[in-house]
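Asker: Provided herewith is a single structure, encoded as structure tokens, for subsequent inquiry.
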Amino acid sequence: MSDADEYGAYQALAEGSDDHRWAFGTGFTDPLEGVDTTVPPGVDGAALAQYCLMLGDDALIYSHRLQQWVTRAPELEEETALANIALDLLGQARMLLARAGRADGSGRDEDQLAFFRGEREFRNVRLVERLDADFAELVARLLVFSAWRLALLRALTASKDPVLAAIAAKGVNELTYHRDYAARWVVRLGDGTELSHAKMQAGLAVVWPLVAELFIPHHIEVTLAGVAADVREIREEVATALDTVLAAATLDRPEAKPAAAVAGRAGRDGIHTEALGYVLAELQSVARAHPDATW
């Protein structure tokens, strides 16, 4: 990089500059540009807000877990890849949380929803909460999550809510990369050495009890027929994708009992594992310590 280029990069970050190519989150096409953001006629705004919280919380919490792997991944290239995946999910979370705040008329913005809700107010699936013990567990969970979310967002591109459809259309491109990245690593480890195969099989075994929850429809999703995606209808697509990867990786589909719910309630109802409390303590600490700060 020449001195002129370096100076240009810093200038681009200056408040008075219109060139924001060097700043994350700016200088890109807004997926909601030109989209009608009013709640569609006949759609319950409160229910739509709850659904957006579900999808937004999934992305927010998992993004944070992936960010924790930066400096811990086996190679610098993998740290960069995981950071990019985490940023993609953070971008999805921001749009979905912003949509939730507008849909229910509460006026809460994405920061208020991310940093100032309690643990029982979060609606993410429990799969995204856990701390991965090693890289094999990380890619096992990333494969399951990205295969599921990709199928979910594909279905949502036909949503009656144009905002959800636009967010989903952008997310499909991102999740396609996420799934392929995870799949390559699962195959590489599963069909590698005896040790890497064993670790990859063990990673799948740890993740698998949390898979069943992904395909249990919540009453909010049922209420929003035509707006929300029916998770039961994507189960076969996800199973096919996972089985294809496992076959190439010479891995067996784990036989595991689903993680227990509490009186039939799980993550979508605000019932979480103890891991979420640790995530939120780290995620929310600065904002709660300085609630009036501007960033």
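The values are calculated or read from the model by the stated rules, or taken from the named source; none is laboratory data. Just so we're clear, the structure is a prediction, and the values are computed from it rather than from any experiment. Please note: Cβ atoms are built from the backbone with ideal geometry, for glycine as well, and neighbour counts cover all protein chains shown. Accessible surface is based on the protein model in full, side chains and every heavy atom, while ligands, DNA and RNA are left aside. Shrake-Rupley method; radii C 1.70, N 1.55, O 1.52, S 1.80 Å.
Asker: Mind checking which lysines have their C-alpha under 18 Å from LYS160, skipping anything on the same chain fewer than 8 residues away?
Answerer: Cα-Cα hits under 18 Å: LYS170.
Asker: I need the GluC sites (Glu not before Pro) found in region 53-133, filtered to DSSP loop residues with at most 15 other beta carbons within 10 Å of theirs. List each step's numbers first, then the result.
Answerer: Values: sites: GLU75, GLU77, GLU78, GLU79, GLU110, GLU119, GLU121, GLU129; in loops: GLU75, GLU129.
Filter output for region 53-133: GLU75.
Asker: With a cut-off of at most 15 other beta carbons within 10 Å, and DSSP calling the residue loop, which GluC sites (Glu not before Pro) in region 182-287 qualify? Please list them. Don't jump to the answer; show the numbers that get you there.
Answerer: Details: sites: GLU194, GLU213, GLU221, GLU233, GLU236, GLU237, GLU255, GLU274, GLU282; in loops: GLU255, GLU274.
Hits after loop and neighbour filter: GLU255, GLU274.
Asker: Something else: With only Lys, Arg, Asp and Glu charged, each at its Cβ (+1 for the first two, -1 for the last two), find how big the charge dipole of the chain is about the Cα centre; round to the nearest 20 debye. Can you show the working numbers first?
Answerer: Values: 28 positive and 45 negative charges, 210 e Å.
Result for the chain is approximately 1000 debye, rounded to the nearest 20.
Asker: Which percent of the accessible area of region 43-289 is formed by carbon and sulfur heavy atoms (probe 1.4 angstrom)?
Answerer: On the way: 5610 of 10380 Å².
In region 43-289, the share of accessible area belonging to carbon and sulfur is 54 percent.
Asker: A further question on this structure: Just tell me which lysines come within less than 30 Å, Cα to Cα, of LYS199; anything on the same chain fewer than 8 places away is out.
Answerer: LYS257
Asker: Further question on the same structure: List, in order, the whole-Hz ³J(HN,Hα) value for each residue of region 206-213 obtained from phi through the Karplus relation with A = 6.51, B = -1.76, C = 1.60 and θ = phi - 60°; use x for Gly and Pro.
Answerer: Working through the residues one at a time gives 5, 6, 4, x, 8, 6, 4, 4 Hz.
Asker: Also, I was wondering about something else. Largest first, how would ARG154, ARG99, ARG179 line up by accessible area (1.4 Å probe)? Before the final figure, lay out the partial values.
Answerer: Details: ARG154 100, ARG99 10, ARG179 60 Å².
Result of the area sort, largest leading: ARG154, ARG179, ARG99.
Asker: Once you have the Cα-Cα distance between VAL262 and ALA289, take 0.36 nm times their residue separation minus that, and quote the gain in nm to one decimal. Walk me through the intermediate numbers first.
Answerer: Working: separation 27, 0.36 × 27 = 9.72 nm, distance 3.24 nm.
This chain segment gains 6.5 nm when fully extended.
Asker: Hey, what does the equivalent ellipsoid look like for region 205-265, semi-axes from the Cα gyration tensor as sqrt of 5 times each eigenvalue, largest first, whole Å? Could you put the intermediate results ahead of the total?
Answerer: Values: eigenvalues 129, 59, 6 Å².
Ellipsoid half-lengths, sorted descending, are 25, 17, 5 Å.
Asker: Which whole-number percentage describes the relative contact order of the chain, with Cα contacts under 8 Å and a sequence gap of 6 or more?
Answerer: Working: 382 pairs, mean separation 62.8, N = 295.
Normalised by residue count, the contact order of the chain is 21 percent.
Asker: To continue, here is another question. Just one of [x] 17.3; [y] 19.4; [z] 15.1 is mean projected area of the Cα convex hull in nm² calculated from these coordinates, so which is it?
Answerer: So the calculated entry is the one marked [x].
Asker: Mind checking the per residue accessible area of the chain for me, 1.4 Å probe, whole number of Å²? Write out the running numbers ahead of the final one.
Answerer: Details: 14620 Å² over 295 residues.
Value returned for the chain: 50 Å² of accessible area per residue.
Asker: Return the calculated 222 nm mean residue ellipticity for the chain, to the nearest 500 deg cm²/dmol, obtained by summing -39500 (n - 2.57) across DSSP H runs with n ≥ 4 and dividing by the residue count.
Answerer: Details: 10 runs with 166 residues, N = 295.
Result for the chain, helices only: -19000 deg cm²/dmol.
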